[in-house]
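Scroll down for the structure; my scribbles are underneath it.
FYI, it's all coordinate maths here, none of it is from the lab. These figures come from a predicted structure and were not determined experimentally. Here the Cβ is made from the backbone with ideal geometry for all residues, glycine too, and neighbour counts use every protein chain on show.
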């Protein structure tokens, strides 16, 4: 005969089994929910990875398509501090600058051969230069952040800073060689661009230079540093050039071994590494100057005295 006490004892194991089953089901449901959440997150990532990149505008340079056509030619007969380069559209020649021992304006052909030299008298720490058209040249001195504008010299003649018209932008002056590192001029739009190397990187645009040189003061200085910050691809800035048709900017970073292109609103459009494995047996040691000429070819100069050409 079974008592009530026996019934309670026999039902206890069944109650514990039900509780364990409920706990197990709860754990399985939690694991299933976590798995579904992980799968959902993975699907979102996959969609982002597989989504095609936004198409480049037709005016984009597509720097990734440029290949090295002249790698690292040494410019002989100069010092070891080749710093900037520009294209003289009046004479279809390249002009370069050194910033020490001694400071000189150099005339180069498209193969990097030295054609002529001009002494720079009264200049100090010359980092870059820009052809302005109409026989004029702009030279930038880094530490004092001074732009000197003067006529191109005749054969064998020096350039004297005392003969130049000058513009000094004392913005964030420092004594640690981190002033204006590069200069470029968009002749069609009368826009002068200046870059500061680092700490922090800076980009400025000066409108109205031509009018001012003609006696009508209309300078307008804009700080476009947000474009560099938004691009987020460079740790320093060494040089800048302008594509004349579109007005797009091409900037050079020495530390990042990189060329990158910004559109008219500062949007990052393309970039190209200057490191080993992209048409270069060795990375450019210290790229300091860049110019895009009228034929669409890029020229880069690197310290100590190396000359590169890139083309599509």
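Points 7 angstrom from Cα along the Cβ direction at residue 88 and residue 124: gap in nanometres?
Placing both labels 7 Å beyond Cα along the Cβ direction yields 2.8 nm.
If neighbour count is taken as other Cβ atoms inside 10 Å, put 302, 100, 246 in order from fewest to most.
Ranking 302, 100, 246 by Cβ neighbours within 10 Å, fewest first, gives 100, 246, 302.
Between residue 163 and residue 233, what is the label-point separation in nm under the 7 Å Cα-to-beta-carbon projection?
According to this spin-label approximation, the distance is 4.1 nm.
Order of 91, 118, 248 from fewest to most other C-beta atoms within 10 Å?
91, 118, 248
Can you give me the Cα centroid spacing of region 195-215 and region 79-154 in angstrom?
18 Å
What residues from region 67-100 fall in the zone where the backbone N is under 19 Å from a label point 7 Å along the Cα-to-C-beta line of residue 117?
Under 19 Å, as judged by backbone N against the label point of residue 117, lie 73-86, 94-100 of region 67-100.
May I ask for the Rg/Rh ratio of region 63-311, computed from Cα atoms with Rh as the Kirkwood radius, given to two decimals?
When Rh is taken as the Kirkwood radius, the ratio is 0.93.
Based on DSSP, what percent of beta bridges with both residues in region 71-180 are antiparallel, to the nearest 5?
Of the beta bridges lying entirely in region 71-180, close to 95 percent run antiparallel.
Which of the peptides 105-111, 150-156, 128-134 is most tightly packed, and how do the rest follow, going by the mean number of other Cβ atoms within 10 Å of each residue?
Result, highest mean first: 128-134, 105-111, 150-156.
Label residue 216 and residue 110 with points 7 Å out from Cα along Cα→Cβ: what is the distance between them in nm?
Computed distance between label sites residue 216 and residue 110 equals 3.7 nm.
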